[in-house]
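The values are calculated or read from the model by the stated rules, or taken from the named source; none is laboratory data. All values derive from a computational prediction rather than experimental measurement. In this analysis, Cβ positions are derived from the backbone assuming ideal geometry, glycine residues included, and neighbour counts consider all displayed protein chains. These accessible areas exclude ligands, DNA and RNA; they are computed on the full protein's heavy atoms, side chains included. Shrake-Rupley method; radii C 1.70, N 1.55, O 1.52, S 1.80 Å.
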Amino acid sequence: MAPLIDSHAHLNFPEFEPDLDQVLSRAREAGVGMIINVGADEASSARAVELSESYPQLWAAVGVHPHAAAEASPRYREKLAALAANRRVLAVGETGLDFYRNLSPRPVQEKVFREHLELAAELNKPVIIHSRDAHPRTLQLLREMRPPRGGIAHCFSGTSRDLDAFLELGFYISIAGPVTYPRAHELRALLKDIPADRLLLETDAPYLSPVPHRGKRNEPAFVRATYQRVALELGMELDTLARLIQGNMARLFWPAKP
Ligand code: NI
């Protein structure tokens, strides 16, 4: 059985401090072989890198979430760049726009998003995008600045036009626990429109637990429920899906040199 991969989790958040070792052992038992811990601010980015140095199955992404954009320190870019020099850092993110909660003012979100896209280009790394109620503007900025290594539309939900626009930019589409929710008919209907070579899966732990774990803190072991549901929807064996996603991750993060 190919290992399951959680393309987006936050074991770097305080929620996992008390029982990280148990969380990791449950992930191992569930067949999860690789987890990317994604930074949401400077401290959690540093913590993601630290964890990746202690546990071989953990990798990191560094960035400031749009919610935290207004609190980024004046030297945050230098800090992220220094962290990204570590070979366990696979991507810049999460970054993007959140016009649903607007926890940081929109102009600040846009400035910080642009700066992340510049950083990703300088570092030659993919970007991990958070976009909520903001797809048109997110896509506009991505088209304008076109990250050279592409990236991941994390916890994707949107219309088929949004999907096409991310695909057009060379992005991978990462599907999270909501695909298992009873009312997520539209998201499930979109699954078959995601090319097999662009699909990724994630938990976004500690948020968005899939069925049957809904209401509990999410953790990487639960990505198995999302794999199972997506395999069912696509009429695929679980192992076939796991292999497919393993190949997609490898292509995105470790492309063959020309
Ligand atoms: Ni996240």
Relative packing of 245-256, 176-187, which averages over residues the other C-beta atoms within 10 Å, highest first: 176-187, 245-256
Rounded if a/c under 1.5, otherwise prolate or oblate - the stretch 1-50, Cα gyration tensor axes: oblate
For the stretch 43-90: relative contact order, % (alpha-carbon pairs under 8 angstrom, 6 or more apart): 44
The stretch 80-187: relative contact order as a whole-number percent, Cα under 8 Å and 6+ apart: 23
Selection of trypsin sites (Lys or Arg not before Pro), the stretch 84-139, meeting DSSP coil and at most 14 other Cβ within 10 Å: 87, 101
Accessible area per residue, Å², the chain with all protein chains present, probe 1.4 Å: 44
Length-normalised contact order of the chain in % [C-alpha pairs under 8 Å, at least 6 apart]: 20
Cα coordinate range in the chain, projected on the principal axes (Å, largest first): 47, 43, 41
C-alpha center-to-center spacing [the stretch 149-202, the stretch 23-56] in angstrom: 23
Residues of the stretch 46-63 with amide N under 19 Å of the 7 Å Cα→Cβ point at residue 81: 46, 61-63
Test item: Cα-centred dipole of the chain, Lys/Arg +1 and Asp/Glu -1 on Cβ, debye: 340
Mean shadow area of the stretch 1-112, taken as a quarter of the surface of its Cα convex hull (nm²): 7.6
Dipole moment magnitude, nearest 20 debye, the stretch 38-94 about Cα centre, only Lys, Arg, Asp, Glu C-beta charged: 180
Debye, to nearest 20: dipole size of the stretch 176-258, +1 on Lys, Arg Cβ, -1 on Asp, Glu Cβ: 120
Shape call, the stretch 171-219: gyration tensor on alpha carbons, a/c limit 1.5: oblate
Distance in nm between pseudo-label sites at residue 217 and residue 43 (7 Å out along the Cβ direction from Cα): 1.6
Apportionment of accessible area to carbon and sulfur, the chain, percent (1.4 Å): 51
